[in-house]
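The values are calculated or read from the model by the stated rules, or taken from the named source; none is laboratory data. Remember, it's a predicted structure, so these values are computed and weren't measured experimentally. Note that each Cβ is placed from the backbone with ideal geometry, even for glycine, and that neighbours are counted across all protein chains shown.
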Amino acid sequence: MSLEAVSKLSGVSKSMLSQIERGESSPTIATLWNLTRALQVDFAGLLEGKEEASKIVVLRSDEVPTITVKETGCHVRILSPPEDAGSLEIYELAFESGGVLDSQPHSRGTREHLTVVEGCLSVTSGEVSETLNRGDTGRYAADISHSISSKDGARAMLIVMTE
């Protein structure tokens, strides 16, 4: 998710989010509260100790944080735990007909791995475009402007990895 999207959802400025992400600033309790509410993450869970190795943490389908990117026809379910944000992020994407997910460049060295589960998607990274059909995986630079679009609706899994 872009800083702009998180900023719009949480009311926390992009500059503050960037400072927190880089470890240059510690968020206040109020900032954490706004971020956890916007991302649908359990605030109390941030304050708990480490999970036991023998424990299985289950998020039921209706508990998985979901973001509808307004007026783009794309719904994003956040499958990775919040503590992995910035290094490894996993998303389920659902596109309506004509849906588009435009992204600004992520951190240097970031790559995306997109696997189409249903339908057909067009992927553009910089000046290069490819069409992916059901079962295809596209791997591309995400530290440049990039976008994913669907003509007739589609579902996909997206993994974002940062060096």
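Structure values in brief
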| item | result |
| --- | --- |
| Some residue of the stretch 125-137 being at pLDDT 90 or above and under 12 Å from the mean Cα position of the chain (by Cα) | no |
| Count - residues of the stretch 130-144 that are surrounded by 13 or more Cβ atoms within 10 Å (Cβ to Cβ), in a strand (DSSP E or B) and not charged (D, E, K, R) | 4 |
| Members of the stretch 17-35 found to be free of Cβ contacts under 8 Å to residues at least 40 places away in the same chain, assigned to a helix (DSSP H, G or I) and out of contact with any Ser or Thr (no Cβ under 7 Å at 6 or more places or on another chain), listed by number | 18, 20, 29, 30, 31, 32, 33 |
| Candidate set: the stretch 37-69, residues that are modelled with pLDDT under 80 and of a type in the set (Ser, Thr, Tyr); chosen: the one surrounded by the most Cβ atoms within 10 Å (Cβ to Cβ) | 68 |
| Among the residues listed as 80, 147, 54, 97, the single one being touching a residue at least 40 places away in the same chain (Cβ under 8 Å), in a loop (DSSP other than H, G, I, E, B) and polar (S, T, N, Q) | 97 |
| In the stretch 148-163, the residues that are loosely packed, with under 14 Cβ neighbours inside 10 Å and either closer than 19 Å to residue 1 by Cα or among the aliphatic types (A, V, I, L, M) (or both) | 163 |
